[in-house]
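Only one structure is covered here, and it is reproduced in the block below.
The values are calculated or read from the model by the stated rules, or taken from the named source; none is laboratory data. Quick caveat, the model's predicted, so the values are computed rather than measured. For neighbour counting, all protein chains shown are included, and Cβ atoms are generated from backbone atoms with ideal geometry for every residue, glycine included.
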Amino acid sequence: MTCISHGVTARHRRRLVGLVLPAVLLVPLAACSSSVAPDGTAAAPVPSAAAQASQVGTPPAVQNATDLTRKPIAAAGNGLAPPTLVTQDLVTGDGAEASDTSTVTIQYVGTIWKSGEQFDASWDRGAPDSFPLLNTIPGFGQGISGMKEGGRRLIVIPPELGYGPEGGQPPLILADDSLVFVVDLLEVGGGQSDDGQSDDGQSDDGQSGGEAGGGDGAAGGAESPAGSL
């Protein structure tokens, strides 16, 4: 009986040792998260996801936000630009609904989030622009998708869905710039068909916003959102 008891006790002790090891292994991990850097200085705290989210700013204020007869003017963004696409309907339309593959006729103003500086505006060319959304930067078409004719929408586009992948459109648009558009949807012309033609007969390589509006594209030399990206 004594031998059996000793054997059981030994196995029990081995199991306890096995259970203790994970706790021992956790000690170095805890040391790695110390607030003191190797050179003795205090390490910078890593902000939590909640803290980072709390620093994301709110959409910029817009002058003439609901007056569709006047050019909207967006202020600079407040705080950090949102990391994902943001849309806000300033006026809700009641006509045909656009998708991200529609050909649309719109009035729009484009500005930089961090400064509020305008880089493009169809209003300044004296006429709305018409083009297939498939020919625009991804965030522009995605931002207009779901709009209805007669509506005005504020769209905030992160760099990844704007000009970032192309290195920006310097000097006005840098690769890390978030963009703000205020778009009036005047008419939905339809989406792209299988043969590359839009439903209104326009080819897949349709004109850019500047060409359709009779201008030279974006104000100040930057490319319009209908530019090929």
> So Pro159 clears everything in (1) buried (at least 22 other Cβ atoms within 10 Å of the Cβ); (2) without any contact (Cβ under 8 Å) to a residue 24 or more places away in the chain except one condition, right? Which one?
Replying inline: (1)
> Just a yes or no: is a residue in the stretch 198-217 under 17 Å from the mean Cα position of the chain (by Cα) and either part of a strand (DSSP E or B) or modelled with pLDDT of 50 or more (or both)?
Replying inline: no
>> Go through (1) acidic (Asp, Glu); (2) in contact with a helix residue (DSSP H, G or I) (Cβ under 6 Å, 6 or more places away or on another chain); (3) surrounded by fewer than 19 Cβ atoms within 10 Å (Cβ to Cβ) for Glu117 and report which single condition fails.
In response: (2)
> With (1) in contact with a Pro (Cβ under 9 Å, 6 or more places away or on another chain); (2) crowded, with 20+ Cβ neighbours inside 10 Å; (3) touching a residue at least 60 places away in the same chain (Cβ under 8 Å) as the list, and Leu172 as the residue in question, which single condition is left unmet?
Replying inline: (1)
>> Just the residues that are free of Cβ contacts under 8 Å to residues at least 60 places away in the same chain, surrounded by 15 or more Cβ atoms within 10 Å (Cβ to Cβ) and more than 20 Å from Pro158 (Cα to Cα), please, taken from the stretch 71-114.
In response: Lys71
>> Looking only at the stretch 49-70, filter to residues that are assigned to a strand (DSSP E or B) and modelled with pLDDT of 95 or more; which one of those is surrounded by the fewest Cβ atoms within 10 Å (Cβ to Cβ)?
In response: Gln63
